[in-house]
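Novice: Below is the structure I would like to discuss, written out as structure tokens.
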């Protein structure tokens, strides 16, 4: 059975949910092999085994932590050259996409980004993507080289499959070119207690209709255990941090539930949430474009509707 390489997305060994999703997908395609780059492997070992990694390539080197993603692309290329995998899967986040792009050049292989499903077909590894703000669903496959695929968060439900992976240490060789960009400082980010926006199963987003008051949006998000998102209009107005912007110039999300409150639905915003499984819209304007994507819609003032929803959810959770 051919190897499927999965680049481990982690923070000092704390494996992110996206990696457990990728390992689940990889098991459907072949033999999943995780590639751990950075520091903290001891903390990651049990999680990788829990989700079925048959093999783990371990590249621990302090230099890998002190630079941007170029060294990771080089290490992954070295592993791929030896393993000759049937495919390489990465998380569809900023780092994952940049590593994938660099890797595609190094391996002279095709690259598919933002897949929402990956399957093994007679013609080879085949992906599904949602494009043009959700207007079309396409299937695609790489026609040259090793398929390199970035997969959106929440594309699969993580399924444990306990294994005893073989561990292989990777001798790290980093070029001077890859070391040109160095991280000189790290600042701790304040914790909100909410899930990471791009990994959240539920996202509640607010737009221009909030009038700058994100209180009802945050209250509903907390009741649902959700992340908070914002439209570009809200961010440009200074109402919410850019780190929470959903859309073409912000972050791409693919939650099980997306609540759009006071968002008109410009195509740029829709491009960032088009693969959400269920979309609920709350807007005073019944003609707002966002309603075209809604599974459920409420025509009303979010400052009235959202507190009512929050109150009812809180009652049912009690």
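The values are calculated or read from the model by the stated rules, or taken from the named source; none is laboratory data. Quick caveat, the model's predicted, so the values are computed rather than measured. Cβ placement follows ideal geometry from the backbone for every residue including glycine, while neighbour counts extend to all protein chains displayed.
Novice: Name every residue in the range 159-180 that is surrounded by fewer than 16 Cβ atoms within 10 Å (Cβ to Cβ) and under 30 Å from residue 126 (Cβ atoms), in order of residue number.
Specialist: Hits for the range 159-180 are 159, 160, 161, 162, 166, 168.
Novice: Examine the range 179-188 for a residue that is closer than 30 Å to residue 32 by Cβ and in contact with a helix residue (DSSP H, G or I) (Cβ under 7 Å, 6 or more places away or on another chain), and state whether such a residue exists.
Specialist: no
Novice: Determine the pairs where a residue that is under 22 Å from residue 212 (Cα atoms), located within the range 290-318, has a partner that is surrounded by 14 or more Cβ atoms within 10 Å (Cβ to Cβ) and modelled with pLDDT under 95 with Cβ atoms under 7 Å apart, the partner being 6 or more residues away or on another chain.
Specialist: 290/265
Novice: Go through 217, 235, 228 for me and flag whichever is free of Cβ contacts under 8 Å to residues at least 40 places away in the same chain and assigned to a helix (DSSP H, G or I).
Specialist: Going through 217, 235, 228 in turn, the sole match is 235.
Novice: Of all residues in the range 253-263, which are crowded, with 21+ Cβ neighbours inside 10 Å and within 14 Å of the chain's Cα centre (by Cα)?
Specialist: Selection gives 253, 254, 255.
Novice: Select, from 84, 72, the only residue that is outside the structural domain of residue 254 (by TED's automatic domain parsing), touching a helix residue (DSSP H, G or I) at 6+ places or on another chain (Cβ under 9 Å), within 27 Å of residue 1 (Cβ to Cβ) and at pLDDT 90 or above.
Specialist: The unique qualifying residue is 72.
Novice: Let me ask something else. Return yes or no: is residue 243 farther than 17 Å from residue 209 by Cα, assigned by TED's automatic domain parsing to the domain that holds residue 210, surrounded by fewer than 24 Cβ atoms within 10 Å (Cβ to Cβ) and within 25 Å of the chain's Cα centre (by Cα)?
Specialist: Yes.
Novice: Further, regarding this structure: Would you mention how many residues in the range 17-53 are assigned to a loop (DSSP other than H, G, I, E, B), modelled with pLDDT of 95 or more and either in contact with a helix residue (DSSP H, G or I) (Cβ under 9 Å, 6 or more places away or on another chain) or not assigned by TED's automatic domain parsing to the domain that holds residue 75 (or both)?
Specialist: Qualifying residue count for the region: 3.
Novice: Additional query: If you check residue 245 against the conditions, is it modelled with pLDDT under 95 and in contact with a strand residue (DSSP E or B) (Cβ under 7 Å, 6 or more places away or on another chain)?
Specialist: No, not satisfied.
Novice: Of everything in the range 91-111, what is assigned to a helix (DSSP H, G or I) and either crowded, with 18+ Cβ neighbours inside 10 Å or in contact (Cβ under 8 Å) with a residue 24 or more places away in the chain (or both)? Give them in sequence order.
Specialist: 95, 96, 97, 98, 99, 100, 102, 103, 104, 106, 107
Novice: On the basis of being modelled with pLDDT of 95 or more, crowded, with 21+ Cβ neighbours inside 10 Å and more than 26 Å from residue 116 (Cβ to Cβ), does residue 56 make the cut?
Specialist: So residue 56 fits the description; yes.
Novice: Quickly run through the range 220-237 and pick out the residues that are touching a helix residue (DSSP H, G or I) at 6+ places or on another chain (Cβ under 7 Å) and under 12 Å from residue 259 (Cβ atoms).
Specialist: 220, 223, 224, 227, 228, 229
Novice: Let me ask another. Mind telling me which of the residues 149, 142 ends up being within 24 Å of the chain's Cα centre (by Cα), modelled with pLDDT of 95 or more, surrounded by 15 or more Cβ atoms within 10 Å (Cβ to Cβ) and assigned to a loop (DSSP other than H, G, I, E, B)?
Specialist: 142
Novice: Consider residue 238 carefully, then state whether it is crowded, with 24+ Cβ neighbours inside 10 Å, more than 18 Å from residue 154 (Cα to Cα) and at pLDDT 95 or above.
Specialist: Spelling it out, it is not the case that residue 238 is crowded, with 24+ Cβ neighbours inside 10 Å, more than 18 Å from residue 154 (Cα to Cα) and at pLDDT 95 or above.
Novice: Hey, could you check the range 59-76 for residues that are crowded, with 17+ Cβ neighbours inside 10 Å and in a loop (DSSP other than H, G, I, E, B) and say which is nearest to the chain's Cα centre (by Cα)?
Specialist: Ranking the qualifying residues of the range 59-76, first place goes to 69.
Novice: If you go through the range 191-210 one residue at a time, do you hit one that is surrounded by 19 or more Cβ atoms within 10 Å (Cβ to Cβ), in the same structural domain as residue 273 (by TED's automatic domain parsing), assigned to a helix (DSSP H, G or I) and more than 17 Å from the chain's Cα centre (by Cα)?
Specialist: So far as the range 191-210 goes, yes, one or more of its residues are surrounded by 19 or more Cβ atoms within 10 Å (Cβ to Cβ), in the same structural domain as residue 273 (by TED's automatic domain parsing), assigned to a helix (DSSP H, G or I) and more than 17 Å from the chain's Cα centre (by Cα).
Novice: So for the range 162-171 (the condition being part of a loop (DSSP other than H, G, I, E, B), modelled with pLDDT of 90 or more and not assigned by TED's automatic domain parsing to the domain that holds residue 91), does at least one residue qualify?
Specialist: no
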